[in-house]
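Here the structure comes first, spelled out in structure tokens, and everything after it is commentary.
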Amino acid sequence: MKAPANAVDLYLAPGEFHFSDQPTRMRTLLGSCIAIVLWHPTRKMGGMCHCMLPTRERRGTAPDGRYIDEALALFKQQASARHSSIDGYQLKLFGGGSMFTEQRRDLMGGNVARMNVVAAQQFAVQSRLVVSGQDVGGSGHRNIIFDTWSGHVWVRHTSLKTAETNDEKDKGTGR
């Protein structure tokens, strides 16, 4: 679907949150992080949060987009400001790809990607929303594009194996 002439195109860095009731294309790049996307199909508005971690040890005074468990409050605030409730929204989850081999991950002491996927699934339960689309887990990174005017989300997933194969091809051709 072609973007409306007045559409805004923006990139979300890790920890950023954006919600819009205007035609907006949101993009992000995920590794072990999680993108939570909420979209209202009737009102053509929604948002995305690029969450880095499941939770933080000490709560701040305001919800922070870096943490999955705090993203729900951000979405509720923005929906309420636009006279809607999140129960009218579709939920989509992306990311949580392991960025390291098993050996390296074990040396680093934990699997943040897996913890993020579990926290995102808990987010769905806590928000009482059915997940209408997802691409989570596995390995590697994902490029995400979300259009508020249509609700479409495009995902390009590059697994570690694909990236390693491409690196080998690049080495073999002298690039």
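Values computed for the structure shown
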{"item": "Only listed residue being under 27 Å from Asn6 (Cα atoms) and within 14 Å of the chain's Cα centre (by Cα), chosen from His141, His40, His50, His83", "result": "His50"}
{"item": "Tally, over segment 1-38, of residues that are under 22 Å from Ser98 (Cα atoms), of a type in the set (Asp, Glu) and loosely packed, with under 14 Cβ neighbours inside 10 Å", "result": "0"}
{"item": "Condition broken by Ala71, with the remaining ones in (1) touching a His at 6+ places or on another chain (Cβ under 9 Å); (2) surrounded by 22 or more Cβ atoms within 10 Å (Cβ to Cβ); (3) not in a strand (DSSP E or B) satisfied", "result": "(1)"}
{"item": "Residue count for segment 53-80, restricted to those that are small (Gly, Ala, Ser), over 18 Å from the mean Cα position of the chain (by Cα) and modelled with pLDDT under 95", "result": "2"}
{"item": "Contacts under 6 angstrom Cβ, first residue in segment 45-57 being surrounded by fewer than 24 Cβ atoms within 10 Å (Cβ to Cβ), partner β-branched (Val, Ile, Thr) and outside any strand (DSSP E or B), 6 or more apart", "result": "Met45/Thr148; Pro54/Ile68"}
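The values are calculated or read from the model by the stated rules, or taken from the named source; none is laboratory data. Fair warning: this is a prediction, and the values are worked out from it, not measured in the lab. For neighbour counting, all protein chains shown are included, and Cβ atoms are generated from backbone atoms with ideal geometry for every residue, glycine included.
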